[in-house]
Amino acid sequence: MSVYKDGSKWRVIYRYTDSRGERKQTQKRGFSTKKEAQAWEREQMNKTESSLDMTFESFSEIYFEDMKKRLKDNTWHTKEHILRTKLIPFFGKRKMCDIQPKDVIAWQNEMLEGSTKTGKPYSPVYLKTLHNQLSAVFNYAVKFYGLPSNPAAKAGNMGKAKNREMLFWTQEEYKQFAEVMMDKPVSFYAFEMLYWCGIREGELLALTPADFDFEKQTVSITKSYQRIKGQDIITDPKTAKSNRVVKMPDFLSQEIQDFISQLYGIGEHDRMFMITKSYLHHEMDRGAKESGVKRIRIHDLRHSHISLLIEMGFSAVAIADRVGHESIDITYRYAHLFPSTQNEMADRLSNLRSDDAEGGEDDVSEKP
C-alpha cells in the first residue's frame, strides 16, 4: 500500500520505472482524505503509463517537460502563459480522452466573450493564437501518446491570422527621420543599421564589434537579443535562414566604425547597442513627430528596406538571401511591389502570339 496516514493528513509514496528503465520514487503529503490521496496516485500512474485517462492539466505538465528545452525562451514563456491562464483553467480537470469538439466550442465561446485588463475584447489575432496553442497540445497527444483525433481541429479555428497593413518609408522619408535622430548617436546608428541592412530588432540589439568585418564591409548575423523576465537573453536568430552575412554600403561601414570608436572600453564581444526595444519605440515616436513623417513600426523599417531593394530591381531570391527570408515568402508578401504587373504579362504573352502568327504568314507566302 502506498497511501499512508500521516498525522491528521494523508501521504502518498509513488514508485515507478522511468523511460530509462530506472526505478524512481515521488511522494506528496498533506491530503485531507484518503480518497484525495488515491486520486493523486492514480493520476501519477496515468502519467507514467502515458494513459489518456490523465487530466488535461497532467498532460500539460508532460507537454511542458517535453517541449521546454526545444523552444527559445521567449517562445516558451508565451506558450506557457497561454496554457496556464487560458487553457488549464477551462480544461484542466477533464480527462484528455473525454474532451470533445463541443467542449472546444464551449471554450471558444468563453474566449470570444473575454476581454483584456483594460476591458477591450481579445483581438482576432490573439484568439487565433489561443486556439492554435490548444490545437498544438492535442496534436502532440495524437502524434506521441495515441490520442485518436484532435478535437480542436474538428471544432475549427477562431479569430484570424495577422493581417496588419505593411507600412513603408520612402528613402526621402527615412532621410527626414534620420536627421532628427542625429542628436543621439546610439539612436541614429541603430536606425541606420535597421533601415540600410533590413535586420530585425533583436538582431540589431545583439550586435558586437566582433560581428563586423570592415575590410569586407560585412556584418554577420548569428544571434538575437531578448529581454525576458528582467534578464538579457542572447539566442539563435529567428530561423536557420536568418544566419547570414550582410554586405553594408560604404557609408554605413564608415559610420559604424565611427560609432564603435565612441564606445569607450567596449570589448570585441560586448553588445554595442545597450538599449531596449522600448527605447527604440520611444525614439521612433519622437523622430516621427519631430520630422513630420508618418509613424511606422520598428519592423516596418525592414519592410522599407525590402521595398527599396525591389524598387532597385533586385530579385526575390537575392533579397531573401540578404534579409534572411525564404524567397517564396518575399514573392508572396511583396508581390504587389514587384514591377511585373498583370498588364505587362498579358502584353508580353500577346507579343509571343503575334510573333508566331507573323512566322506562320511567312511560311504560307513561300508555298507555291
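The values are calculated or read from the model by the stated rules, or taken from the named source; none is laboratory data. Just so we're clear, the structure is a prediction, and the values are computed from it rather than from any experiment. Neighbour counts run over all protein chains shown; Cβ positions are idealised from the backbone, glycine included.
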Among (1) loosely packed, with under 12 Cβ neighbours inside 10 Å; (2) at pLDDT below 90; (3) more than 30 Å from TYR225 (Cα to Cα) - the single one LYS162 does not satisfy: (3)
Answer residue from region 69-95, given it is in a helix (DSSP H, G or I) and touching a strand residue (DSSP E or B) at 6+ places or on another chain (Cβ under 7 Å) and is nearest to ASN132 (Cα to Cα) among those: HIS77
From the option list GLU22, GLU36, single residue qualifying as acidic (Asp, Glu), outside the structural domain of MET96 (by TED's automatic domain parsing) and at pLDDT below 70 is GLU22
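Out of LYS175, LYS154, I need the residue that is part of a helix (DSSP H, G or I), modelled with pLDDT of 95 or more and surrounded by fewer than 17 Cβ atoms within 10 Å (Cβ to Cβ). Which one?
Going through LYS175, LYS154 in turn, just one is part of a helix (DSSP H, G or I), modelled with pLDDT of 95 or more and surrounded by fewer than 17 Cβ atoms within 10 Å (Cβ to Cβ): LYS175.
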Scan region 241-276 residue by residue and report those that are within 13 Å of PHE188 (Cβ to Cβ), acidic (Asp, Glu) and either outside the structural domain of ASP211 (by TED's automatic domain parsing) or in contact (Cβ under 8 Å) with a residue 24 or more places away in the chain (or both). GLU255
Only one of ARG297, ARG286 that is part of a loop (DSSP other than H, G, I, E, B), modelled with pLDDT of 90 or more, within 20 Å of GLU179 (Cα to Cα) and among the charged types (D, E, K, R): ARG297
Any idea how many residues of region 76-90 are more than 17 Å from the chain's Cα centre (by Cα) and hydroxyl-bearing (Ser, Thr, Tyr)? 1
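For region 154-167, state whether one or more residues are in contact (Cβ under 8 Å) with a residue 60 or more places away in the chain and over 22 Å from LEU112 (Cβ atoms).
Taking every residue of region 154-167 in turn, at least one turns out to be in contact (Cβ under 8 Å) with a residue 60 or more places away in the chain and over 22 Å from LEU112 (Cβ atoms).
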In region 209-224, the residues that are touching a residue at least 40 places away in the same chain (Cβ under 8 Å) and under 19 Å from PHE188 (Cβ atoms): PRO209, PHE212, PHE214
Which numbered condition in (1) farther than 29 Å from LEU301 by Cβ; (2) out of contact with any Gly (no Cβ under 8 Å at 6 or more places or on another chain); (3) part of a helix (DSSP H, G or I) is the only one that ASP53 fails? (3)
Looking at region 62-88, which of its residues are surrounded by 13 or more Cβ atoms within 10 Å (Cβ to Cβ) and at pLDDT 90 or above? ILE82, LEU83, ARG84, LYS86, LEU87, ILE88
Any hit, region 285-292, residues being touching a helix residue (DSSP H, G or I) at 6+ places or on another chain (Cβ under 7 Å) and crowded, with 20+ Cβ neighbours inside 10 Å: yes
